[in-house]
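The values are calculated or read from the model by the stated rules, or taken from the named source; none is laboratory data. This one's a predicted model, so the numbers in the text were calculated from it and none came from an experiment. Counting neighbours? That spans all protein chains shown, and the Cβs are built from the backbone with ideal geometry, glycine included.
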Amino acid sequence: MAASEETTPFEYLLSVDRKCIAHQGGLVQQESDVSFSHGLAFQLGTHRYIIPITDVSEVLTVKDLTSIPRSPSWLVGISNVRGNLITLLDIHEFVFGTPMKEKYDSKRMLLIKQEDHFYGLIIDSIIGMKSFNEEQATDEVPECFDYEHIDHISAFYTSGEEWFAALSIQSLLLDERFTQLRNYS
């Protein structure tokens, strides 16, 4: 098309767009394997969880823990990581009501940043990156999870014989106990 036939740059771009659409008919469409959930899988007791990788700033070992007197039992303490004060939480005790059996220094923590505050969710171990598609999602609650402990679970996924629970960090941080913790500090 000649420039004189076009009145504005926008109309010229529209004509280029129409030409591209007209010539794409013979192209092979590639099916994409769109993941329904993709994230970091970890172990907490006998349960396996997945958390969106975008919710995790870092995975660290638990070091230099300072306990806080008269705090909730699931609030393990605080730690300084590169100048940032991290609030460490025993996520097992928070979710299931019982503390972890082993010492914290053998555990990992998922570093979560919420607004201007950092939380270290203490977990047993990292499984690795996992992706689940829509067909692996299930409405069925596995026998290993009882309804009392699924408040912060957004979905369940199966991978062979293994079950993974998608942990919702947003739900966790909106829990009344976290609200009280923010008021405590």
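None of Gln114, Gln180, Gln136 is closer than 16 Å to Asp55 by Cα and polar (S, T, N, Q) except Gln114. Contact map, the stretch 74-98: first residue over 21 Å from Ala166 (Cβ atoms), second residue part of a loop (DSSP other than H, G, I, E, B) and among the charged types (D, E, K, R), Cβ cut-off under 8 Å, separation 6 or more or different chains; pairs are Ser79/Lys63; Ser79/Asp64; Asn80/Asp64.
Every listed requirement among (1) modelled with pLDDT under 80; (2) touching a strand residue (DSSP E or B) at 6+ places or on another chain (Cβ under 7 Å); (3) over 20 Å from Ser79 (Cα atoms) is met by Asp151 save one, (2).
Checking Ser125, Ser171, Ser131 one by one, the residue that is at pLDDT 80 or above, touching a Lys or Arg at 6+ places or on another chain (Cβ under 9 Å) and of a type in the set (S, T, N, Q) is Ser125 and no other.
For the stretch 44-79, how many residues are assigned to a loop (DSSP other than H, G, I, E, B) and of a type in the set (A, V, I, L, M, F, W, C)?
Initially, the stretch 44-79 is screened for residues assigned to a loop (DSSP other than H, G, I, E, B), giving 45-46, 56-57, 62-65, 67-74.
Still in the running and of a type in the set (A, V, I, L, M, F, W, C): 56, 62, 65, 68, 74.
The number of residues fulfilling the criteria is 5.
Considering only the stretch 103-134, state which residues are without any contact (Cβ under 8 Å) to a residue 12 or more places away in the chain and acidic (Asp, Glu). Listed by number, the residues that qualify are Glu115, Asp116. What is the one condition in (1) under 24 Å from Ser79 (Cα atoms); (2) at pLDDT 80 or above that Glu102 does not satisfy? All conditions are met except number (2).
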